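K.L.:
Attaching a single structure in structure tokens format; questions to follow.
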Amino acid sequence: MPTSPTDPPRIIVAPTELLPLLQECLLECVHSAAEGVEQCGFDVEAYPDALARLDLIRALLDATGWGEHGDIDLSVHREALQDALSERLATERDMQASAEQDASEGGRQRASEYIGQLVTFMQEAGLVIPND
Amino acid sequence: MTDLGELLETLVQSLLYALMTVAVEFDVLDMEPGPYRVQVEKFEAIRAVLDAIEWGARGEIDVEAHRDVLQQVLADRLIAEHSLMQEQSDTAKDQREHSYACALTIESFMHENGLEIPQAGA
């Protein structure tokens, strides 16, 4: 099917300066997927969903050389990327709010910077930016 | 293929426990690709055994293909059962008997398949 000029790109390349943050997002997502597995306990029926999430994020990590480069095929990894970046965005928004409450200017600035980087990249990739 | 017989249920529980343990260990890892990669590989090795026995629906296994994971999870489980067998209180009688039976099943399987049986108290 032909793509229109407004279609999101199929391949997105994360800029070099975003790679450390992207790598952290992906590793945090593995951690969070592992927590999901832990919560399955001895209920065999509960495992497929938790493992599917881990598989998605593992595939994205493999595709980026575990965060070494930022070439991402969105036709394959959109869901995992959306998951990882949304989770970190929510965390940074929380950090920003608590830094404001604690009057921590350094913390607020750092969170703002990360939020800006994440939102810009998500927009470029045509991902959904969750509401604040 | 080796018939798992009475070991099947114990093996599934032991593998699930091992999966949970590996999952918990993520909490103490440095946020670096190397340690995470090793941990994910541990996770996948355990999962491969669960897949091979269809998460408890299939009562046989290729021991050679999964020897390392079987050695680890069965040895760990055996040590745990040995420990439970030492519980001396009267109320733990059923637990002692259950652990004894479980340990016997595990030891038989390990012996028959050339796995190393840990010493009691290890």
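K.L.:
Taking the beta-carbon count within 10 Å as an exposure proxy, list A:120, B:10, A:16 from fewest neighbours to most. All intermediate terms of the calculation are to be shown ahead of the outcome.
P.N.:
Numbers: A:120 12, B:10 21, A:16 9.
Listed from fewest to most nearby Cβ atoms, that is A:16, A:120, B:10.
K.L.:
With labels modelled as points extended 7 Å from the Cα through the Cβ direction, what inter-label distance (nm, one decimal) is found for residue B:86 paired with residue B:21?
P.N.:
So the label points at residue B:86 and residue B:21 sit 1.7 nm apart.
K.L.:
Using a 10 angstrom cutoff on alpha carbons, build the Gaussian network for chain A and name the most mobile of A:31, A:77, A:69.
P.N.:
Among A:31, A:77, A:69, the largest GNM mean-square fluctuation belongs to A:31.
K.L.:
For residue A:104 and residue A:16 in one chain, what is 0.36 nm times their gap in residues minus the Cα-Cα distance, to one decimal in nm?
P.N.:
Stretched out fully, the residue A:104 to residue A:16 stretch lengthens by 28.9 nm.
K.L.:
Another question, if that's okay. Quickly estimate the mean residue ellipticity at 222 nm for chain B, helices only: each DSSP H run with n ≥ 4 gives -39500 (n - 2.57), and the total goes over all residues, rounded to 500.
P.N.:
After summing the helix terms and dividing by the residues of chain B, the value is -22000 deg cm²/dmol.
K.L.:
OK, next. Choose one answer from A:82, A:117, A:109: the residue with the largest mean-square fluctuation in a GNM of chain A with alpha-carbon springs under 10 Å.
P.N.:
A:109
K.L.:
Right, another one. Any chance you could get the radius of gyration and Dmax over the Cα atoms of segment B:58-122, in Å?
P.N.:
Rg and Dmax of segment B:58-122, Cα atoms, are 13.0, 42 Å.
K.L.:
At a Förster radius of 30 Å, what calculated FRET efficiency corresponds to the Cβ-Cβ distance of residue A:44 and residue B:93, to the nearest 0.05?
P.N.:
It comes to 0.50.
K.L.:
Let me ask you something else. What translational D, rounded to a whole number of µm²/s, comes out for chain A from Stokes-Einstein when the hydrodynamic radius is the Kirkwood one over Cα pairs, at 25 °C and 0.890 mPa s?
P.N.:
So the translational diffusion coefficient is about 154 µm²/s.
K.L.:
Hey, can you grab everything whose amide H is under 5 Å from the amide H of residue B:2? Only 5+ residues off in sequence or another chain; H modelled, so Pro and N-termini drop out.
P.N.:
For residue B:2, the qualifying residues are B:61, B:62, B:63.
K.L.:
Quick check: residue separation of residue B:58 and residue B:31 times 0.36 nm, minus the Cα distance between them. What number comes out in nm?
P.N.:
Extra length from residue B:58 to residue B:31 when fully extended: 6.0 nm.
K.L.:
Less than 13 Å Cβ to Cβ from residue A:111, Lys/Arg counted +1 and Asp/Glu -1: what total charge do the surrounding residues give? Don't skip to the answer; put the middle values down first.
P.N.:
Values: positive: A:88, A:93, A:108, A:110; negative: A:92, A:94, A:100, A:102, A:105, A:113, A:132.
Charge balance near residue A:111 sits at -3.
K.L.:
Find out how many positive minus negative residues lie around residue A:14, taking Lys and Arg as positive, Asp and Glu as negative, among other residues whose Cβ is under 10 Å from that of residue A:14.
P.N.:
-3
K.L.:
Could you tell me what % of all Cα pairs in segment B:27-74 have separations over 15 Å?
P.N.:
Result for the distance tail: 51 percent.
K.L.:
Please report, in whole Å³, the volume per residue of the convex hull around the C-alpha atoms of the protein assembly as shown.
P.N.:
Taking the convex hull of the Cα positions in the protein assembly as shown, it is 190 Å³ per residue.
K.L.:
Shifting gears a bit: Counting Lys and Arg as +1 and Asp and Glu as -1, each charge on the Cβ, what is the dipole of chain A about the Cα centre in debye, to the nearest 20? Don't skip to the answer; put the middle values down first.
P.N.:
On the way: 8 positive and 25 negative charges, 65 e Å.
Dipole about the Cα centre, nearest 20: 320 debye.
K.L.:
At 18 Å minimum axial length over the Cα atoms and a Kyte-Doolittle cut of -0.5, report the qualifying DSSP H helices in chain B, or say none.
P.N.:
B:7-25, B:33-52, B:67-85
K.L.:
When all alpha-carbon pairs of chain B are counted, what percent fall beyond 17 Å?
P.N.:
Details: 4370 of 7381 pairs.
The share of Cα pairs beyond 17 Å in chain B comes to 59 percent.
K.L.:
About its Cα centre, how strong a charge dipole does the protein assembly as shown have in debye, to the nearest 20, once Lys and Arg get +1 and Asp and Glu get -1 at the Cβ?
P.N.:
It comes to approximately 320 debye.
Where a number appears in this text, it was derived from the coordinates with a stated rule and is not lab data. Worth saying up front: this structure is predicted, and the values here are computed from it rather than measured. Note: ideal-geometry Cβ built from the backbone for every residue, glycine included; neighbour counts use all protein chains shown.
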